[in-house]
Structures are given as C-alpha cells and as structure tokens.
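Structure record follows, encoded as structure tokens.
The values are calculated or read from the model by the stated rules, or taken from the named source; none is laboratory data. Everything numeric in this text was worked out from a predicted model, so none of it was measured. Please note: Cβ atoms are built from the backbone with ideal geometry, for glycine as well, and neighbour counts cover all protein chains shown.
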Amino acid sequence: MNEISRKKKKFAKLYDKFVNQIYRFLFLRTSSKEMAEDLTSQVFLRGWEFYLKNEIFDPKSFFYQTARNLAVDYFRQKNKNPISLEGLSEIPDPRISIEEKIINDLELEKIFLALSKLKPEYKEAILLRYVEGFSPKEVAKILEKSEGSTRVLISRALKVLREEVNKRETV
C-alpha cells in the first residue's frame, strides 16, 4: 500500500470518528444546519490538505481548532450573532417524554438567551467545556491559551452566565 492510500485510510477513520462532533459544535455556533454542514466539510477538507503534507498529532484539538477558526471567519464576514434560538428543537432526544422535552426546551431557551448575551470567548469556552465535554486542558489547547487562564475564563463565563439566567428569572 502506497503512502497516499495509507493516509486516505487513516484520515477516513479520523473523519468517521470526529465528523458528528464537529458538526454539532458548528451547529451550536451557527444555529444553521446548512452552514454547519458547509463549515464541517471545510474543516475536513482543510484537514485533509494539511494531512497530505504533515502529521496530525492531536486530531481532536486539530479539528476543533480548525472548526473554531472557520466559525470565527464566518461570523466576521457575515457579522452575525453566533447563537440564536432557531433550531433549538432540531436536535430531539427520542428517550425523553413530551413533557420533559417541553421543560428542557424552556430551560435551554433560558440558557441560550443568557448565553447569547455573553461575549464570544465566554460562549465558546462554555460550549467547548460543557456541551462538547472537553477537559479544561483540551479547551486550553483549542483556544490556544494556558490551562490556568482557560480555567479562569470558564469560571468567569459561568459566573456571568448564572447572573444572566438569574436576571431573566427575576424579570
């Protein structure tokens, strides 16, 4: 098996492993199914082009960092708010009842409304840590910050998010 065939096979495995996670991350950032699909394909196209010439030592961080950069570029070009309430109900969980879904949607709506008020770096830190489930060390690598400053960033983001949620509950 030649070098290109070996790389294709290995990259296909990486794609299969990370495509759904990257799509979800981008969907939550853009609130658009189509844009998330487009950006996801760009992530893996750029990944493949990079992989042809280099090794990818930490694929998880590499793909998330690429997705993050593409999302930032997209919002700079479009000057859009990265999170909206459209599409919240587009990711249903078949294991929960209708009543639980309504309650969860209302809670999610509160959180997403509050999240939309946060500055972009806070939103991103919260999404990576609590939606994507990354450790603070992994979030730090993706955000290209030290682990200590990332922990502080996440802590501050949570504090501001709690304040926003509480503000909405008292109104």
When residues of the stretch 1-35 are filtered for being over 15 Å from Glu132 (Cα atoms) and of a type in the set (A, V, I, L, M), how many remain? 5
Looking only at the stretch 112-168, count every residue that is in contact with an Asp or Glu (Cβ under 6 Å, 6 or more places away or on another chain), loosely packed, with under 14 Cβ neighbours inside 10 Å and in contact (Cβ under 8 Å) with a residue 40 or more places away in the chain and tell me the total. 0
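Pick from Thr30, Thr40, Thr66: which is polar (S, T, N, Q), surrounded by 20 or more Cβ atoms within 10 Å (Cβ to Cβ) and either assigned by TED's automatic domain parsing to the domain that holds Glu121 or more than 30 Å from Asn2 (Cβ to Cβ) (or both)? Talk me through it step by step, then tell me what you get.
Details: Thr40 fails: either assigned by TED's automatic domain parsing to the domain that holds Glu121 or more than 30 Å from Asn2 (Cβ to Cβ) (or both); Thr66 fails: either assigned by TED's automatic domain parsing to the domain that holds Glu121 or more than 30 Å from Asn2 (Cβ to Cβ) (or both).
Testing whether each residue is polar (S, T, N, Q), surrounded by 20 or more Cβ atoms within 10 Å (Cβ to Cβ) and either assigned by TED's automatic domain parsing to the domain that holds Glu121 or more than 30 Å from Asn2 (Cβ to Cβ) (or both) leaves just Thr30.
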Which number in (1) part of a helix (DSSP H, G or I); (2) closer than 28 Å to Ala140 by Cβ; (3) modelled with pLDDT under 75 marks the one condition that Glu100 misses? (2)
Within the stretch 44-58, tally of residues that are within 23 Å of Arg129 (Cα to Cα) and surrounded by fewer than 18 Cβ atoms within 10 Å (Cβ to Cβ): 3
Failed item in (1) modelled with pLDDT under 90; (2) assigned to a helix (DSSP H, G or I), with Ala140 passing the rest: (1)
